[in-house]
Amino acid sequence: MEYEDKAGRPSKPPSPKQNVRKNLDFEPLSTTALILEDRPANLPAKPAEEAQKHRQQYEEMVVQAKKRELKEAQRRRRQLEERCRLEESIGNAVLTWNNEILPNWETMWCSRKVRDLWWQGIPPSVRGKVWSLAIGNELNITHELFDICLARAKERWRSFSTGGSEAENEDAGFSAADREASLELIKLDISRTFPNLCIFQQGGPYHDMLHSILGAYTCYRPDVGYVQGMSFIAAVLILNLDSADAFIAFSNLLNKPCQMAFFRVDHGLMLTYFAAFEVFFEENLPKLFAHFKKNNLTPDIYLIDWIFTLYSKSLPLDLACRIWDVFCRDGEGFLFRTALGILKLFEDILTKMDFIHIAQFLTRLPDDLPSEEVFASIATIQMQSRNRKWAQVLTALQKDSRDTEKGSPSLRH
């Protein structure tokens, strides 16, 4: 009776082969199951030995498939556990920053506990506040000043769009840096800022905000104007702060000696920074340093882009933000320590490359750099040479450059 259909007609009992498939925990792919099928009626039946061989092959396939499934399930479980641990760690860190550190910033920010927590990465929800405090506001910029600069920028944009004489007269008094701060250059750079995110381009939610901050800055510092690369720095700040606070942090950040040297293209001072970098390069990575020297690979080839955008263009955004975390705390020295950490991470492969391949590799780093590996590499770099720290080495080189030709001999050509 159990084999009768609803109409009462008897049905054929399932074959043993069907029973086997029904009881399988793993449903094989049709292509793997083909070996279990009998040959078509117009062909001779499988010999018993061949059928047994196919059965064994099939069972081996099932075993291997189950192993792969188990391995994949274990991998997903580990990922889930790691994600849960990370979320719990971030949640605890947020509580610590909000309840303990930020309310007592002046007394706690330089403590050992906070420094250790800082190194692990600032939680995104408090990152903007911490950055603002760490960067400071030496320029005493207010929200009202931002509004004034933004209003001037908008007036200038209107003049440009209408081709008014005011814009022409204003342009006539611009320096070379000011002329570079044209609307077209800002628009072009905005379109190329984090293109994969699609939030800063025309029509994106942060396009107008980025355009406003860059335009306001050209009015605030017409002597500097707009320089390519600034859009990446402003964009990172916008992701963590509102417009006025992002402008304040942006202006103060660019006012730091290193950033000002690069954005004003102070060639002599840039060479001094490169020379100081080479001192610590040779100290930490002598083998790679010698290889670079042999291939005439100077620091400007890869450092300029890293320093101009504070790594935000060259590294994954989450990793770049972690570098910004420590940079805001430790200052410009950490930018060059990070560069050495990256070089150390890839030392083995870089020593096997020639000039062209090294330059190509360092100007386009891998997209999947793990943060922990990079920071572990950075941690091994010692920013001390003959008992002198970064600031002391840089100061000594600046003093020497006043009495000799600008820059180090290795960089003149």
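Cβ-Cβ contacts under 7 Å between residues 6 or more apart (or on different chains), taken from a first residue in the range 45-73 that is on the phi < 0 side of the Ramachandran plot to a second residue that is part of a helix (DSSP H, G or I) and not aromatic (Phe, Trp, Tyr), are listed as His54/Ile35; His54/Leu36; Gln57/Ile35; Tyr58/Thr32; Tyr58/Ile35; Tyr58/Leu36; Met61/Thr32. Among residues of the range 116-132 being charged (D, E, K, R) and open to solvent by less than 80 Å² (accessible area, probe 1.4 Å), the one that is farthest from Ser243 (Cα to Cα) is Asp116. Taking the criterion of being open to solvent by 100 Å² or more (accessible area, probe 1.4 Å) and among the polar types (S, T, N, Q), the residues of the range 63-113 that qualify are Asn99, Thr107. List, please: which pairs have Cβ atoms under 9 Å, are six or more places apart or on different chains, and start with a residue in the range 313-342 that is on the phi > 0 side of the Ramachandran plot and end with one that is among the aliphatic types (A, V, I, L, M) and open to solvent by 10 Å² or more (accessible area, probe 1.4 Å)? What qualifies is Gly331/Ala391. Applying the condition of being over 23 Å from Ala290 (Cα atoms) and of a type in the set (A, V, I, L, M, F, W, C) to the range 335-379 and asking which residue is most open to solvent (accessible area, probe 1.4 Å) yields Ala376. Checked across the range 236-252, the condition of being under 15 Å from the mean Cα position of the chain (by Cα) and part of a helix (DSSP H, G or I) holds for at least one residue. Residues that are of a type outside the set (Phe, Trp, Tyr), open to solvent by 40 Å² or more (accessible area, probe 1.4 Å) and either without any contact (Cβ under 8 Å) to a residue 12 or more places away in the chain or over 18 Å from Leu145 (Cβ atoms) (or both) within the range 203-239 comprise Gly203, Pro205, Asp208, Gln228, Leu239, listed in sequence order. When each of Ala151, Ala177 is tested for being at pLDDT below 80 and either over 20 Å from Ala244 (Cα atoms) or surrounded by fewer than 16 Cβ atoms within 10 Å (Cβ to Cβ) (or both), the lone residue that passes is Ala177. Among all residues of the range 294-315, there is at least one that is farther than 30 Å from Arg112 by Cβ and touching a Gly at 6+ places or on another chain (Cβ under 7 Å).
The values are calculated or read from the model by the stated rules, or taken from the named source; none is laboratory data. Values in this document were obtained by computation on a predicted structure and should not be read as measured data. Every residue, glycine as well, gets a Cβ built from its backbone with ideal geometry; the counts of neighbours run over all protein chains shown. In case anyone asks, the SASA skips ligands and DNA or RNA and just uses the protein heavy atoms, side chains included. Shrake-Rupley method; radii C 1.70, N 1.55, O 1.52, S 1.80 Å.
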